[in-house]
Amino acid sequence: MNRGISSSRRARSVLVVTSIVIGSAFAGWARAETLQPSFDCRKATSSVERSICISPELSALDSQLAQVFAAASARTADKVGLRKDQNKWRTTIRDKCRSSECIADAYGARTRALSVTAENGRVLVLPGTGSAPLPPKTSVIAGGILYGTLVFDHDAAGGFTALQVGDRQYKLRYVGSVPESLAEQINRLEDASQTVSILGDLIVWPDGTKAFDDRSRAIVLIPKK
C-alpha cells in the first residue's frame, strides 16, 4: 500500500516538474520571438546588425523603432522621403556606432523623433503670414505631416528655412517672416540637424513640388532628450 502511494506521488512530482520545464521553455521561446529585430539576422552583415541580433535589449529597441516608423509612415505626406531619411539615419548615425550604448542611444533618439507629439515634446508655432489668394494652378493639402531636419537655403526672394526630407526640401518660411522670438530656436535646430515633425497645410505647385503654406500656421514638434 505504501509503495503504491509513493509511486503515485513520484508520478505526480514528475508531472509537475515536466510541466514547469515545458512552461519555462515556452516562456523562453515566447520571449525570443518577442525580442526578434525587424530584420533577418541570417542576413546581418555589419558589426552593428550582429550586435543587435545577439542582444535582447537592442533587438527590442529595433523592433520598437520599426513599429514607430510604420506608424509615422502611415501618417506622413511623404512616405518615400521618410524612407530615404530612415536609410540615411542607419548609415550615418546607427552604423557609425562602436558600442552597444551608442546603438541604444541612436535608437532612443530616433524613436522619440518619430513618435513626438504635443504632449511629449516641445512645440513651436509659426503663425500664418496672411490670407493672400492661392497662387494660380496650385492646390492645398490640409494638415500634412512631415518628418525631417530644418535647413537654411535661399533663392531669388531671399533666405528661407526648409524641412529636408530625404532628398526633398519643403520650404517653410522666409527668414523675414519668422517672429524674432522663434528665430533663434529655429537657428539652433538647423545647426543641430535635429529631426523634427511639422504639421501644416502644404501648397502643391503646378510642377508637383510642395511647400508649407505660409498663409496658415505651422506647428514644429521637437522631441525631448
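The values are calculated or read from the model by the stated rules, or taken from the named source; none is laboratory data. A quick note: this is a predicted structure, and the numbers were derived from the prediction, not measured. Glycine also receives a Cβ, built like all others from the backbone with ideal geometry; neighbour counts cover every protein chain displayed. Each accessible area value is taken on the protein alone, full model and side chains, heavy atoms only, with ligands, DNA and RNA left out. Shrake-Rupley method; radii C 1.70, N 1.55, O 1.52, S 1.80 Å.
See the values below:
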read-out	value
q = 0.17, 0.18, 0.19 Å⁻¹: log10 I(q)/I(0) that the Debye formula gives for region 73-212, counting C-alpha atoms only	-1.03, -1.15, -1.26
Shape parameters for region 67-121, alpha-carbon atoms, Rg then Dmax in Å	12.0, 35
Region 113-225, accessible surface, carbon-and-sulfur percent (1.4 angstrom probe)	54
Mean accessible surface per residue for region 63-168, computed with a 1.4 Å probe while every protein chain stays in place, in Å²	52
Residues of type aspartates and glutamates that Lys43 reaches as a straight line, Cα spacing below 20 Å, ignoring anything fewer than 8 places off in the same chain	Glu33, Glu57, Asp62, Asp95
Along principal axes, Cα extents of region 95-163, largest first, whole Å	53, 31, 21
Hits among lysines - C-alpha to C-alpha of Lys137 under 25 Å, sequence gap 8 or more where chains match	Lys79, Lys171, Lys210
DSSP-assigned coil residues among trypsin sites (Lys or Arg not before Pro) in region 41-149, each with at most 11 further Cβ atoms within 10 Å	Arg98, Lys137
Length gained when the stretch Ala70-Ile141 is fully extended (0.36 nm per residue, less Cα-Cα span)	23.4 nm
Set of lysines with alpha-carbon distance to Lys96 below 18 Å, sequence-local pairs under 8 removed	Lys84, Lys88
